[in-house]
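Structure record follows, encoded as structure tokens.
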């Protein structure tokens, strides 16, 4: 069984009458990259601030590498690298001096090698002597990422790590995050939902202070709909096709779509892949299969379904 690196149980945070977190519980295994999603004000930043020791919870517990974030705050901080959405940089310092300052704060033994490694990973080696205040927003973001990894923490908590980066830099940062998986445990908060699908092994969605979904990016859509969907396109469309398909075991419903001529979307039981049976029937009937593939909700669609409150009519 994989080691649990982050363990959150019944976390509550209230500010007087306003409750930011409501009995939040989840865990993150060692080496996992967890996507942490939610609309503005959902509780993401509050959760990350509690995990990093920035603020205590009102009740509940959070542990990192076995240490309580409140009772053993200093032990937790040694093991965490944190990139907040607004990176705390000193514009009058050079990149090297800032990273050296960050390394010394964390008591890094071989700070020179640690700084060189962090700069190489974030591709800012050629900016070592430049003042942070003279850097573009993208480069400042990379400096912030470098300070988060300079002490090689076991856990990385990244809040919008690719904000302000150009497309090439975004790809580089995504590759870096993926390369850190395995050796490091990562919590990634972002509004760029395709980024989650590309980088994260699991997704957690929070809304109004409560966890509303938790699964792999691929399975979230199935769970939201409560069924699996298959797209079928045939060369010989016939009016009896929906009726014939509904006789296949596990098929719940069939509807023609306007995606292409002879196209159908087939709803099947959750957890049952009926594509082989559908293909066999199509071949037997001579329909001529042009395309047969699973259809999933995009992460954007899942996110909207779970975090949008319908207004009463």
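Each reported figure results from applying straightforward, stated rules to the coordinates on display, with no laboratory input. The structure presented is a predicted model; accordingly, all values stated were derived computationally and were not measured. Quick reminder, even Gly has a Cβ in these numbers, built from the backbone with ideal geometry, and neighbours come from all protein chains shown.
A viscosity of 1.567 mPa s and a temperature of 4 °C, combined with the Kirkwood radius over Cα pairs in Stokes-Einstein, give a translational diffusion coefficient for the chain of 59 µm²/s. One Cα centroid belongs to segment 122-164, the other to segment 1-20; the line between them spans 28 Å.
Highest average first, the peptides 287-295, 194-202 ordered by how many other beta carbon atoms sit within 10 Å of their residues are 194-202, 287-295.
The tail of the calculated P(r) for segment 223-300, taken as Cα-Cα distances beyond 14 Å, holds 57 percent of the pairs.
Here the Gaussian network model covers the chain, with springs between Cα atoms less than 10 Å apart; of 170, 149, 157, 170 fluctuates the most. Think of it as helices only: each DSSP H run of n ≥ 4 in the chain is worth -39500 (n - 2.57), and spread over all residues that comes to -9500 deg cm²/dmol at 222 nm.
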